[in-house]
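The values are calculated or read from the model by the stated rules, or taken from the named source; none is laboratory data. The structure displayed is predicted, hence computed values, not measured ones. As a convention, Cβ positions derive from the backbone with ideal geometry for all residues, glycine included, and neighbour counts pool all protein chains shown. Ligands, DNA and RNA are stripped out before the accessible areas are found, and what is left, the full protein with its side chains, is counted by its heavy atoms. Shrake-Rupley method; radii C 1.70, N 1.55, O 1.52, S 1.80 Å.
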Amino acid sequence: MNNFTYDIPTRIHFGKDALDFIGEEVGKYSKKVLLTYGGGSIKKNGIYDKVVEELKNKNIEIFELSGIKPNPRIDSVREGVKLIKENDIGAILAVGGGSTIDASKIMSAGAKVEFDPWDFISEGKEIKDAIPLFTVLTMAATGSEMNGGAVISNPETNEKLASGSYYTRPKASFLNPELTYTVSEFQTAAGSADIMSHLFEIYFNNNDSMYMLDRMMESLMKTVIEYGPKAIKDPKNYEARANLMWASSWAINGFLSASSNAEWSNHPMEHELSAFYDITHGLGLAILTPRWMDYVLSDDTVNKFYDLGVNVFNLEQSEDKMEVARKTIEKVSEFFFEKLGLDNNLNALGIDEENFDAMSKKACGKNGVIKGFIDLNPEDVRKIYEMSLN
């Protein structure tokens, strides 16, 4: 296990009364707040009115930026930074899922610099400060409510890249599972796949020993397997929504990944799918993950697949390890495509191999390799894309 520093400073208010604390928390930092959100759903379901009420009760002046899209665009970030600077706004409250929160993170950092916020993404400029960010979560998926990372798209360059830092972690997040009752079946399924992918990316690691963390990840995986389908079948099942919401936060808040020493493999490949085709992130991950598993399975990697199969999918531990590993991949596919009901190939989304060469090179970055569980070069990535077509 690697050396690491544990520090997760985001305060969480969880439960049916979570939004009652919004004014109190935001008011500690500023009397002016930028309220960011996506479409008009938060006005239809009453979340907007509740948020505004809590802020006004603490005499906090509200400015608004709406229309933040899935796979958030740099244009929205730039617009938010402009509003913040013009009005001397001291905090941001993001209401939504990962897209709204991610965009707001880069806004919070952009408010502190004079250069284009895309430079954080494209040039890797270091984020050294940010105005305070708060989040009201409306969909369990990305875990962005409890970490500092953000992924932003630039449609002009077909790029979808990550940035973030300690400073862009939310100061406080408000998590009421009831707010996810209206999330569609598809988005609930894609969100569940996203959570599972975060766990898989850390679980498939070449560390010598992560026994305690592995068992915790397996528990979180079993939680998603248990409650993802239940939330789809019964959208107002509080127990299911609550378990998914909390699992989402812990899958990617830094606690599990702090000791990991390998890059993620499926996320950079999926980011290119989203950049070129604007597909839902969790769906892309669901399609790619079983193919990646097939591609990297070998005598050298079989033990991890065996552990996953026995400990998460309850496969028979006395069977041959390679046989268990193959059945494990089948179980992963069954969960994504049968129990969650997601499309199981890229052709179903209208995607062919036209852009695979460019996507494969971009996925491997400037160094030309994803140094993950098994290192992948552009040729490997292209093969995984090809495997995902049908």
So how long is each side of the range 124-177 along the principal axes, counting just the alpha-carbon atoms, biggest first, in Å? 37, 25, 13
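Return one whole number: the accessible area per residue of the range 288-359 in Å², for a 1.4 Å probe.
For the range 288-359, the per-residue accessible area is 49 Å².
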Roughly how much of residue 383 is accessible, in Å² to the nearest 10, using a 1.4 Å probe? 100 Å²
Which is farthest toward the positive dipole end of the range 11-179 among 14, 153, 98, measuring Cα position about the Cα centre, with Cβ charges +1 (Lys, Arg) and -1 (Asp, Glu)? 14
Calculate how many DSSP beta bridges within the range 11-179 are antiparallel, expressed in % of all such bridges and rounded to the nearest 5. 20 percent
Answer rounded, prolate or oblate for the chain, using the Cα gyration tensor with square roots of eigenvalues a ≥ b ≥ c: rounded when a/c is under 1.5, else prolate when a/b is larger than b/c, else oblate. prolate
Run through all the Cα pairs of the range 11-179 and give the fraction in each 10 Å bin from 0, expressed as whole percent. 11, 45, 35, 9, 0
How far apart, in nm, are the 7 Å Cα→Cβ label points at residue 126 and residue 361? 3.1 nm
Solvent-accessible area, 1.4 Å probe, carbon plus sulfur percent, for the range 161-245: 51 percent
Packing-wise, with mean Cβ within 10 Å as the measure, how do 243-250, 132-139 rank, highest first? 132-139, 243-250
Two-site label geometry, residue 339 and residue 236: point separation in nm, points 7 Å out along Cα→Cβ: 2.6 nm
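What is the dipole size for the range 185-388, taken about its Cα centre, with +1 at each Lys and Arg Cβ and -1 at each Asp and Glu Cβ, in debye to the nearest 20?
The calculated dipole for the range 185-388 is roughly 580 debye.
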Where does the chain land at 222 nm, in deg cm²/dmol rounded to the nearest 500, when only DSSP H runs of n ≥ 4 count, each adding -39500 (n - 2.57), divided by all residues? -14000 deg cm²/dmol
On C-alpha positions alone, give me the angle between the axis of helix 281-296 and the longest principal axis of the chain, in degrees, nearest 10. 30 degrees
Can you compute the charge dipole magnitude of the range 11-179 about its Cα centre, using +1 on each Lys and Arg Cβ and -1 on each Asp and Glu Cβ, nothing else charged? Give it in debye, rounded to the nearest 20. 220 debye
Sorted by average packing, counted as other Cβ atoms within 10 angstrom per residue and highest first, what order do 352-358, 225-231, 51-57 take? 225-231, 51-57, 352-358
Counting just the Cα atoms, what span does the range 33-124 cover along each of its three principal axes? Round to the nearest Å and put the largest first. 40, 27, 15
For residue 4, placing the label point 7 angstrom along Cα-to-beta-carbon and taking the range 245-263, residues whose amide nitrogen sits under 19 Å are 246-263
Heads up, the range 143-204 by the C-alpha gyration tensor (a ≥ b ≥ c square roots of eigenvalues; a/c under 1.5 rounded, else a/b over b/c prolate, else oblate) looks rounded
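Checking the a/c ratio against 1.5 first, then a/b against b/c, what shape does the Cα gyration tensor give for the range 259-300?
Because a/c hits 1.5 or more and a/b fails to exceed b/c, the range 259-300 counts as oblate.
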Of the accessible area of the range 293-333, computed with a 1.4 Å probe and all protein chains kept, carbon and sulfur make up a percent value of 35 percent
Leaving out ligands, DNA and RNA but keeping every protein chain, what accessible area does residue 61 have, in Å² rounded to the nearest 10, with a 1.4 Å probe? 90 Å²
Any chance you could run the full-extension gain for residue 41 through residue 16? It's 0.36 nm times the residue separation minus the Cα-Cα distance, nm to one decimal. 7.1 nm
Please give the per residue accessible area of the range 154-284, computed with a probe of 1.4 Å over protein heavy atoms only, in Å². 36 Å²
So, with +1 on the Cβ of K and R and -1 on the Cβ of D and E, and no other charges, what is the size of the charge dipole of the chain about its Cα centre, to the nearest 20 debye? 1240 debye
The chain: relative contact order as a whole-number percent, Cα under 8 Å and 6+ apart: 16 percent
In nm, spacing of pseudo-spin labels at residue 323 and residue 184 (7 Å Cα→C-beta vector): 4.3 nm
Compare the Cα positions of 351, 325, 365 along the charge dipole of the range 262-369 (+1 at Cβ of Lys, Arg; -1 at Cβ of Asp, Glu; about the Cα centre) and return the one farthest towards the positive end. 365
Surpassing 18 Å at the alpha-carbon level, of the pairs 31/171; 56/82; 222/331; 16/171, are 56/82; 16/171
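Mind ordering 103-109, 71-77 by average Cβ neighbours within 10 Å, highest first? Write down the numbers at each step before the final one.
Numbers: 103-109: 30.3, 71-77: 22.9.
Put in order of decreasing packing, that is 103-109, 71-77.
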Given the chain, what percent of its DSSP beta bridges are antiparallel, to the nearest 5? 25 percent
Two-decimal Rg/Rh across the range 264-390, once Rg and the Kirkwood Rh are taken from alpha-carbon atoms: 0.99
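Please compute the per residue accessible area over the range 1-146 with all protein chains in place, 1.4 Å probe, rounded to a whole number of Å².
Per residue, the range 1-146 has an accessible area of 44 Å².
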